[in-house]
């Protein structure tokens with residue numbers, strides 16, 4: 001089977017097309033292809049690069065590349081998850097035409113405001129996380145009960161784990177978005193998707209950034225007045241206010 | 001002059017509906033807007049020839065379509081066709097009432113054509129000229145009218161803002177200090193980006209100020225500063241409502257032209273079909289022969305004189321209403337009371353046919369009444385010191401005042417893909433910028449596909465469910481083009497020809513308008529250009545590492561990691577977060593990440609372990625985009641699920657160190673937890689390349705409790721590399 005996958009891949013088919021042709025889950029095809037590439041990686045490198053005789057002893061190791069032209073290229077060339085070299089937005093319907101992907105193999109959750117009382121939340125859970133939980137609880141992902149939690153973290157640090165109040169509820173299987181309502185105006189919320197464990201605990205997998213619901217009535221002098229004043233008069237170095245459009249860094253955890 | 005000011009703002013926007021192929025129905029939206037709104041407004045400016053203090057916002061899609069020779073030539077052809085239809089109608093012996101209106105249209109379409117040709121078919125020249133004469137002020141909008149509160153990153157919002165300003169500057173020769181926020185949608189943080197991009201004022205709905213914190217002293221009688229110093233001018237609903245409301249407003253008067261009754265539907269198909277879509281679709285001609293008449297389906301013919309009489313009445317009434325409103329607030333000083341009235345420009349002319357003439361006459365009445373008009377820019381010059389700073393929460397001028405129109409069950413399906421495009425752009429720009437001119441061009445084209453997809457019009461149209469199919473198709477098309485081009489970028493399949501094709505599909509914005517680095521983050525810049533290159537690394541998952549080590553295992557991890565680092569290996573150690581220790585530290589070749597659980601207050605051991613493993617996998621997913629791992633080494637049962645799952649997906653060998661097992665720690669153990677740990681321990685024995693077990697453990701005895709293979713071996717001395725020749 002592995003040979004077949006490799007041969008189709010070398011004919012230029014995408015992993016998705018191979019999975020369809022061989023009627024296999026894409027995960028298996030991906031795994032086989034990555035494994036083959038990892039095992040044969042040095043062969044292709046060696047064939048492409050001029051051989052150096054002095055390397056005899058360590059020849060099993062993938063060689064560090066000779067200084068590349070630019071460091072930008074260097075990063076691009078070390079991308080491991082680009083095995084299939086295609087845009088995550090590239091997907092095909094059975095008829096061969098492009099379609100929007102049904103899901104992305106990623107872990108994330110985003111929440112956006114619909115109204116002072118409602119927020120729209122969507123999320124993705126990667127295959128690896130699903131498999132990790134399946135290995136942990138010795139049950140297939142599909143059998144783990146899915147749940148959603150709403151945390152009111154107004155004036156609290158979410159990472160401390162504390163919340164003013166929380167509420168969790170079960171979700172139907174295969175759900176990847178939710179209109180959360182009713183919520184309270186002028187409240188800071190964090191939303192979490194996760195599983196309900198056998199003991200009944202909520203185990204979060206992905207969480208949104210903290211989000212303020214809009215005010216829906218005159219505030220008088222409310223909780224924002226003092227932070228605004230401190231920022232206005234330069235008493236703090238950065239505003240103590242949520243920013244819904246933070247700068248995003250693709251490699252934020254790479255230090 | 002009386003105390004107080006009036007400021008009129010008109011926002012002209014259409015989605016970018018320019019198509020190379022002929023006979024697209026959506027292109028008629030542009031013709032209608034030109035014929036009914038843009039030129040009639042210009043006529044008023046030209047007639048009055050003096051500073052009106054109107055602020056005209058013109059969105060980049062409108063600018064680009066007005067400047068497009070294809071659209072220009074088709075518009076002229078459209079006018080000729082209209083004149084032909086009017087001539088045909090006049091030859092048909094219509095009733096006296098109809099003939100009067102037809103003659104009105106005949107003169108009007110002739111005038112439209114004269115004006116259009118006078119400006120060399122490019123109305124940007126007209127607006128620019130009048131602005132340079134000082135008759136009107138102008139601002140623009142973000143590139144494609146993306147809905148800011150639903151964007152995910154600073155970069156996407158910034159790209160929308162900056163490329164919009166760039167486009168405007170290219171056509172109009174100056175950079176405005178004001179901007180129209182699409183849908184008047186404000187969200188905390190957008191003001192920071194606006195300020196950084198040189199924007200000093202924008203417009204919001206009045207409830208933005210009424211619900212601000214603290215409540216502004218002047219209510220909606222003056223603009224406020226947002227926390228980051230952008231002046232927010234509030235829409236005065238009482239005054240605006242006089243104009244736009246179908247209930248209390250002017251446009252519903254029986255003498256005005258009826259919008260919903262078009263000549264196309266009053267004529268036989270045989271007669272009209274040569275003026276209709278070649279595929280047999282009937283659409284509005286723009287010749288509307290009836291007046292609103294009243295709350296009835298029986299519409300009477302339009303009488304131009306009557307409509308003109310009402311324009312005069314309504315302009316006077318408006319000036320009187322405004323005068324009373326300003327007088328009621330005459331006591332306000334520092335700054336004086338300001339009424340801001342922002343509108344969609346298309347309301348005047350397209351929806352309310354007589355609207356542009358009304359605006360012209362209002363300008364005259366206000367002069368007669370001694371009411372001072374002002375632009376927001378002038379207001380700020382005079383009164384910038386008098387504005388209060390407040391916090392404004394997310395809000396819009398849409399239905400119910402927030403995001404209901406742009407996120408609901410009819411359009412929510414788009415958001416996931418838009419956010420994916422945003423994060424992909426950040427990553428692609430970090431990885432590929434500056435690689436070659438061709439690649440840079442591709443990055444700009446990817447940004448172009450994204451901004452065309454993020455236009456708030458698609459969500460708006462899907463919400464309204466008219467022409468929903470077009471909006472959904474346009475969104476999908478831009479997402480597909482994005483996916484295909486990004487794949488070509490990854491696969492090194494770019495060519496000038498390919499990029500030309502992508503651009504020609506929707507030739508919106510010039511490459512000089514689009515700045516790749518709007519998507520760059522300083523951190524990614526460091527990672528991709530300044531960070532030292534690293535060799536392939538070993539990923540270590542350990543239940544503890546440095547700090548107050550509890551047991552033998554922690555010391556073992558430290559010894560092994562130190563020994564491997566001394567041998568020249570690069571290691572990434574992932575271990576649980578510990579209060580008082582940094583979340584990240586680095587010692588030479590050793591990176592240590594102390595990872596927070598996805599939830600800190602789980603009660604049950606198994607769930608804590610699961611939360612830890614999930615957190616490890618998520619972190620490694622973030623790292624593997626840059627760091628290449630060649631092996632995984634996990635310690636103890638608590639890290640097994642993440643280690644197994646990652647070894648499989650990264651296709652790297654897995655090494656396991658188990659100084660003890662549940663059955664050796666707890667020889668007589670039983671029960672659910674014991675059994676669960678036993679099963680997890682058992683699972684790693686099958687996957688690992690080598691399992692190193694504590695020296696005190698009898699492998700034979702282990703075999704009686706676990707399914708062991710010949711990959712189990714006693715621990716080596718920490719000085720000896722456990723990875724052998726395989727890594």
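Just so it is clear, none of the values below were taken in a lab; they were calculated from the coordinates. What you see is a predicted model; the values in this text were computed from it and never measured. Glycine gets a Cβ as well: all are built from the backbone with ideal geometry, and neighbour counts include every protein chain shown.
Hey, what number do you get for the protein assembly as shown at 222 nm if only DSSP H runs of n ≥ 4 count, each worth -39500 (n - 2.57), divided across all residues, to the nearest 500?
Values: 32 runs with 390 residues, N = 982.
Result for the protein assembly as shown, helices only: -12500 deg cm²/dmol.
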### Summary
Scoring the range A:108-232 by relative contact order with C-alpha pairs under 8 Å, at least six apart, yields a percentage of 31 percent
### Three-way shape label, the range A:113-255, alpha-carbon gyration tensor, a/c 1.5
prolate
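Could you work out the mean projected area of the convex hull around the alpha carbons of the range B:459-516, in square nanometres to one decimal?
5.0 nm²
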## Note on the structure
In degrees, nearest 10, the alpha-carbon axis of helix B:304-328 is tilted away from the dominant principal axis of the alpha carbons of chain B by 60 degrees
### Message
Residues of the range B:551-579 with backbone nitrogen within less than 17 Å of a virtual label 7 Å along the Cα-to-Cβ line of residue B:696, please, listed as ranges.
### Response
B:551-557
### Query
Of all DSSP beta bridges in the range B:532-714, what percent run antiparallel (nearest 5)?
15 percent
### Task
Using just the alpha carbons, could you tell me how many Å³ per residue the convex hull of the range B:364-502 encloses?
239 Å³
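Which value in Å does the Kirkwood hydrodynamic radius of the range B:244-332 take, with 1/r averaged over all unlike C-alpha pairs and then inverted?
Details: mean 1/r = 0.0637 Å⁻¹.
Its Kirkwood hydrodynamic radius stands at 15.7 Å.
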### DSSP bridge pairs, the protein assembly as shown: antiparallel proportion in percent, nearest 5
45 percent
## Note on the structure
Under the 7 Å Cα-to-Cβ spin-label approximation, residue A:170 and residue B:673 lie apart by a distance in nanometres of 2.6 nm
### Query
Mind checking Rg over Rh on the range B:412-571, alpha carbons, Kirkwood formula for Rh?
1.19
### Task
Compute the label zone of residue B:369 within the range B:227-261: residues whose backbone N is under 20 Å from the point 7 Å along Cα-to-Cβ.
B:234-253
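Work out the P(r) tail for the range A:87-189: percent of alpha carbon pairs separated by more than 24 Å, whole number. It would help to have the intermediate numbers written out before the result.
Numbers: 2073 of 5253 pairs.
Every Cα pair in the range A:87-189 considered, those over 24 Å come to 39 percent.
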### Task
Could you tell me what fraction of 2.2 N^0.38 Å the Cα radius of gyration of chain B comes to, as a two-decimal ratio?
1.26
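Which ordering of B:199, B:99 is given by a fewest-first count of other beta-carbon atoms within 10 Å?
Details: B:199 23, B:99 14.
Taking fewest neighbouring Cβ atoms as first place, the list is B:99, B:199.
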### Query
What list do you get for A:105, B:80, B:137, B:295 if you sort them by fewest beta carbons within 10 Å?
B:295, B:80, A:105, B:137
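Cα-based Rg of the protein assembly as shown per 2.2 N^0.38 Å, rounded to two decimals? Intermediate values should be presented prior to the final figure.
On the way: Rg = 33.0 Å, N = 982, 2.2 N^0.38 = 30.2 Å.
This ratio for the protein assembly as shown stands at 1.09.
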### Query
Using the beta-carbon distance between residue B:399 and residue A:6 and R0 = 56 Å, what value does 1/(1 + (r/R0)^6) give for FRET efficiency, to the nearest 0.05?
0.50
### Task
Assuming R0 = 25 Å, can you tell me the calculated FRET efficiency for the pair residue A:92 and residue B:467, based on Cβ-Cβ distance, to the nearest 0.05?
0.40
### Query
Can you give the angle from 0 to 90° between the axis of helix B:69-90 and the longest principal axis of chain B, with both taken from C-alpha atoms, to the nearest 10?
40 degrees
### Query
Helix B:123-132 versus the longest principal axis of chain B: what is the Cα-based angle in degrees, 0 to 90, to the nearest 10?
80 degrees
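From the P(r) of the range B:54-122, could you give the percentage of C-alpha pairs in the tail past 13 Å? Provide the component values of the computation, followed by the final result.
On the way: 1625 of 2346 pairs.
The proportion of pairs with Cα distances above 13 Å equals 69 percent.
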### Message
Ignoring solvent entirely, what values of log10 I(q)/I(0) come out of the Debye formula for the range B:607-647 at 0.22 Å⁻¹ when each Cα is a single scatterer?
### Response
-0.70
### Query
How high is the relative contact order of the range B:645-690, in percent, counting Cα pairs under 8 Å that sit 6 or more residues apart?
55 percent
### Message
Report for chain B the percent antiparallel among DSSP-assigned beta bridges with both residues inside it, nearest 5.
### Response
15 percent
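Starting from the coordinates of the alpha-carbon atoms of the range B:1-156, obtain the Kirkwood hydrodynamic radius over all distinct pairs and give the value in Å to one decimal. Show your work: numbers first, answer last.
Values: mean 1/r = 0.0566 Å⁻¹.
The answer is 17.7 Å.
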### Query
Given labels modelled 7 Å from the Cα in the Cβ direction, how far is it in nm from residue B:281 to residue B:378?
4.5 nm
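Can you tell me the relative contact order of chain B? Whole percent, Cα pairs under 8 Å, sequence separation 6 or more.
On the way: 1167 pairs, mean separation 95.3, N = 727.
Value for chain B: 13 percent.
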## Note on the structure
Shape descriptors of the range B:532-714 over alpha-carbon atoms, Rg and Dmax in angstrom, are 16.0, 52
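By how many nm would the segment from residue B:77 to residue B:704 lengthen if fully extended, with 0.36 nm per residue of separation less the alpha-carbon distance? Let's see the in-between values first.
Details: separation 627, 0.36 × 627 = 225.72 nm, distance 8.95 nm.
Length gained between residue B:77 and residue B:704: 216.8 nm.
Computed over the Cα atoms, what is the radius of gyration of the range B:626-706 divided by 2.2 N^0.38 Å, N being its residue count?
Numbers: Rg = 13.3 Å, N = 81, 2.2 N^0.38 = 11.7 Å.
The range B:626-706 yields a ratio of 1.14.
Any chance you could list the semi-axes, whole Å, largest first, of the equivalent ellipsoid that the Cα gyration tensor gives for the range A:150-227, using √(5λ)?
Details: eigenvalues 149, 43, 19 Å².
Over the Cα atoms of the range A:150-227, the ellipsoid semi-axes are 27, 15, 10 Å.
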### Message
For B:1, B:138, A:209, which order do you get if you count the other beta carbons within 10 Å of each Cβ and list the fewest first?
### Response
B:1, A:209, B:138
